[in-house]
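Colleague: So that we are looking at the same thing, I have put the structure below in structure tokens.
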Amino acid sequence: MPQSRHLATELPGPRSRALMARKTSAVAGGVGTTVPVFAARAGGGIVEDVDGNRFVDLGSGIAVTTVGASNPAVVAAVQEQVAAFTHTCFMVTPYEPYVAVAEKLNEVTPGDHAKKTALFNSGAEAVENAVKIARHATGRDAVVVFDHAYHGRTNLTMAMTAKAMPYKSGFGPFAGEVYRAPMSYPFRDPEGMTGEQAAARAIAVIEAQVGADQVACVVIEPVQGEGGFIEPAPGFLPALAAWCRQSGALFVADEVQTGVARTGDWFACDREGVVPDLVVVAKGVAGGMPLSAVTGRAELVDAVHTGGLGGTYGGNPVACAAALAALDSVERDGLLQRARAVEALVTGRLHALAARDSRVGDVRGRGAMLAVELVGADGLTPDPALAAAVAGAAKAQGVIVLTCGTHGNVLRFLPPLTISDELLHDAFDVLDAAFAATSTTTASAR
């Protein structure tokens with residue numbers, strides 16, 4: 001597929017409009033879409049729609065196609081496995097690819113202790129199973145999560161998720177024994193607050209409102225995803241992990257969005273040397289196929305009785321084959337280094353944008369997981385309308401940009417790690433123009 005942006009028709013084109021009419025008639029209204037075009041194929045950093053329009057993909061299917069859309073090695077592995085068998089259920093007649101994925105995740109997740117892995121289908125399912133393991137291993141009930149967290153759409157993970165709309169509104173009552181603590185949010189915390197101080201603030205809430213001896217696990221995204229790509233201040237995660245060790249709670253890293261090279265390390269926890277008790281993996285792990293995992297200390301994972309973990313499709317052989325190819329691609333193609341190169345290029349463009357537009361309140365993130373938070377004239381009030389306008393203007397010119405944040409005022413950038421510098425510069429040229437088109441005021445250089 002040509003790795004270039006191309007608009008062949010108006011957006012959406014006639015075929016996409018016809019398909020959208022069918023979608024409206026046949027698909028549940030609660031299933032929304034971000035871009036009003038229908039994909040026909042995708043490759044590398046490009047998505048092509050049914051009308052022949054090619055879009056630069058700065059979303060990667062929400063951090064899924066990390067090794068590039070339709071990665072040739074992933075496609076070949078899937079084709080070979082499909083020809084062999086598509087399903088037997090690992091709990092009935094097991095197969096080697098499941099074991100191989102577990103071995104690889106045991107190897108690359110943080111820490112050199114003995115580990116074991118269980119495979120599932122989605123990030124939310126894996127988060128739920130991490131909680132199951134933590135409760136079973138500790139004999140405790142309470143689960144601590146954080147402001148702005150996103151952990152999924154199942155009943156338990158909705159309780160763990162902070163944002164009401166569209167994820168929780170009207171769907172309660174939710175699972176109990178879930179408690180929320182304040183997150184380290186450098187852009188909005190008091191000036192000068194360190195990570196250690198932010199952790200002390202969170203720990204004080206946990207100890208006062210939950211009780212240290214009641215906590216089964218503390219579950220946290222090392223860099224928050226849907227909540228706004230919030231990267232906690234240095235020292236926050238290590239301090240929380242240390243408190244968990246002292247209190248007997250398990251430290252669970254939800255690396256669904258941050259894992260598998262997305263942030264320039266195998267896992268975001270690696271940056272500060274944090275070693276979780278359990279790590280949750282999904283999204284980019286299988287190059288576009290549905291697969292998730294919980295990897296953790298062997299004695300904790302093995303605390304669950306036989307039959308207590310699993311599922312009909314968990315660790316599907318086709319998804320496992322894709323995962324082995326995707327994980328190999330990270331190493332073979334130098335994608336950890338590439339993620340850091342993407343960070344340098346994109347943050348350079350974003351800081352230049354911020355220097356000339358005061359509506360960009362914050363530039364943050366790492367690797368190929370980057371964001372800008374958009375604010376009003378006071379430099380702090382969230383501006384979700386601007387985020388929607390900029391994202392819409394970019395999409396109209398063939399660049400897929402996603403929004404996020406508790407207030408919807410954050411633009412997030414999740415390009416595949418295989419994307420070229422040329423495509424990135426083209427996409428951010430479009431973004432610059434989108435900001436200029438929505439500008440009502442200009443700012444002097446900061």
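Colleague: Run the dipole for the chain about the Cα centre, Lys and Arg Cβ at +1, Asp and Glu Cβ at -1, nothing else charged, and hand back the magnitude in debye, nearest 20. All intermediate terms of the calculation are to be shown ahead of the outcome.
Modeller: Working: 35 positive and 45 negative charges, 176 e Å.
Its charge dipole is roughly 840 debye.
Colleague: From the C-alpha coordinates alone, can you work out the Kirkwood hydrodynamic radius of the range 182-331, in Å?
Modeller: Values: mean 1/r = 0.0598 Å⁻¹.
Result for the range 182-331 stands at 16.7 Å.
Colleague: Show the residues, 5+ positions off or on another chain, whose built amide H is closer than 5 Å to the amide H of residue 370.
Modeller: 413
Colleague: Would you calculate the separation in nanometres between label points at residue 341 and residue 421, each defined as 7 Å from the Cα along the Cα-to-beta-carbon direction?
Modeller: Computed distance between label sites residue 341 and residue 421 equals 0.8 nm.
Colleague: Follow-up question, since we're still on this one. Out of residues 5 or more away from residue 227 or on other chains, whose amide H comes under 5 Å of its own, with H placed 1.01 Å from N in the peptide plane?
Modeller: 150, 405
Colleague: What does the helix-only formula give at 222 nm for the chain: each DSSP H stretch with n ≥ 4 adding -39500 (n - 2.57), the total divided by the residues, and the result rounded to the nearest 500 deg cm²/dmol?
Modeller: Value at 222 nm, helices only, nearest 500: -11500 deg cm²/dmol.
Colleague: Please report Rg (one decimal) and Dmax (integer) in Å for the Cα set of the range 74-332.
Modeller: Reported Rg and Dmax, both Å: 17.9, 59.
Colleague: Now for a different question. Wrap a convex hull around the Cα atoms of the range 75-198, take a quarter of its surface area, and give that in square nanometres. Please list the in-between numbers first.
Modeller: Values: hull surface 48.8 nm².
That works out to 12.2 nm², a quarter of the Cα hull's surface.
Colleague: Okay, next question. If you restrict to DSSP beta bridges whose two residues both lie in the range 74-332, what percentage is antiparallel, to the nearest 5? Walk me through the intermediate numbers first.
Modeller: Values: 10 of 24 bridges.
Bridges in the range 74-332 that DSSP calls antiparallel: roughly 40 percent.
Colleague: Excluding residues on the same chain fewer than 8 positions from residue 168, give the lysines whose Cα lies under 29 Å from its Cα.
Modeller: Answer for residue 168, where 29 Å is the Cα cut-off: 23, 132, 283, 395, listed by chain and number.
Colleague: Sticking with this structure for a sec: Please enumerate, by chain and number, the aspartates and glutamates with C-alpha under 16 Å from the C-alpha of residue 116, excluding those fewer than 8 residues away in the same chain.
Modeller: Residue 116 reaches 96, 103, 107, 277, 299, 302.
Colleague: Hey, another quick one. Step through the residues of the range 27-41 one at a time and calculate ³J(HN,Hα) from phi using the Karplus curve (6.51 cos²θ - 1.76 cosθ + 1.60, θ = phi - 60°), rounding each to whole Hz and writing x for Gly and Pro.
Modeller: Those phi angles translate into 9, 3, x, x, 8, x, 9, 8, 10, x, 10, 9, 6, 10, 7 Hz.
Colleague: Tell me, 402, 291 in order of fewest to most beta-carbon neighbours within 10 Å? Present the calculation step by step, with values, prior to reporting the outcome.
Modeller: Numbers: 402 21, 291 28.
Fewest-to-most ranking of 402, 291: 402, 291.
Colleague: While we're here: Given points 7 Å out from each Cα along the Cα-Cβ axis, report the residue 432 to residue 305 separation in nanometres with one decimal.
Modeller: 6.4 nm
Colleague: Moving to a separate point now. Give me the extension gain from residue 84 to residue 23: residue separation times 0.36 nm, minus the current Cα-Cα distance, reported in nm with one decimal. Don't skip to the end; give the middle numbers.
Modeller: On the way: separation 61, 0.36 × 61 = 21.96 nm, distance 3.39 nm.
The span from residue 84 to residue 23 would gain 18.6 nm if fully extended.
Colleague: Further, regarding this structure: Quick one: in the chain, what % of C-alpha pairs are over 36 Å apart?
Modeller: The answer is 26 percent, as a whole percent.
Colleague: Right, next: What does the extension gain come out to for residue 332 and residue 8, with contour length at 0.36 nm per residue minus their alpha carbon separation? Present the calculation step by step, with values, prior to reporting the outcome.
Modeller: Values: separation 324, 0.36 × 324 = 116.64 nm, distance 3.56 nm.
Gain on stretching residue 332 to residue 8: 113.1 nm.
Colleague: The chain: longest stretch without exposed GluC sites (Glu not before Pro) (DSSP loop, at most 13 other Cβ within 10 Å), sites themselves excluded? Mind dumping the intermediate values first?
Modeller: Details: sites that count: 10, 191.
In the chain, the maximal stretch lacking such sites is 192-446.
Colleague: Further question on the same structure: Show the residues, 5+ positions off or on another chain, whose built amide H is closer than 5 Å to the amide H of residue 41.
Modeller: Here the answer is 48, since their amide H atoms fall under 5 Å of that of residue 41.
Colleague: Quick one: work out the % antiparallel among DSSP beta bridges in the chain, nearest 5. Before the final figure, lay out the partial values.
Modeller: On the way: 33 of 49 bridges.
Counting only bridges with both partners in the chain, antiparallel ones make up about 65 percent.
Colleague: Here is a follow-up. Taking the Cβ of residue 427 as the center, what net charge do the other residues with Cβ under 14 Å away carry, scoring Lys and Arg +1 and Asp and Glu -1?
Modeller: On the way: positive: 5, 54, 349, 395, 412; negative: 57, 421, 422, 426, 429, 432.
Overall, the nearby charge balance is -1.
Colleague: If you rank 49, 112 by fewest surrounding Cβ atoms within 10 Å, what's the result? Walk me through the numbers before you get to the answer.
Modeller: Values: 49 25, 112 7.
Starting with the residue having the fewest Cβ neighbours, the order is 112, 49.
Colleague: Rounded to the nearest 20 Debye, what is the dipole magnitude of the range 335-431 about its Cα centre when Lys and Arg each give +1 and Asp and Glu each give -1 at the C-beta? Numbers along the way, then the final one.
Modeller: Details: 9 positive and 10 negative charges, 45 e Å.
Using only the charged Cβ atoms, the result is roughly 220 debye.
Colleague: To make sure I understand, if each residue's beta carbon is the centre and we count other beta carbons within 10 Å, what order do 160, 1, 289, 183 fall in, fewest to most? Mind dumping the intermediate values first?
Modeller: Details: 160 27, 1 14, 289 21, 183 24.
Fewest-to-most Cβ neighbours within 10 Å comes out as 1, 289, 183, 160.
Colleague: Each residue of the range 225-238 in order: what ³J(HN,Hα) in whole Hz does its phi give by Karplus 6.51 cos²θ - 1.76 cosθ + 1.60, θ = phi - 60°, with x for Gly and Pro?
Modeller: Result, ordered by residue: x, 4, x, x, 6, 7, 9, x, 5, x, x, 5, 5, x Hz.
Colleague: Need one word for the range 1-154: rounded, prolate or oblate. Basis is the Cα gyration tensor (sqrt eigenvalues a ≥ b ≥ c); a/c below 1.5 gives rounded, then a/b vs b/c decides.
Modeller: Numbers: a/c = 2.16, a/b = 1.61, b/c = 1.34.
Prolate shape, in that a/c is at least 1.5 and a/b is the bigger ratio.
Taken together, the values in this text are just the output of simple stated rules run on the coordinates, not laboratory data. Please read all numbers here as calculations on a predicted model, not as lab measurements. Note that each Cβ is placed from the backbone with ideal geometry, even for glycine, and that neighbours are counted across all protein chains shown.
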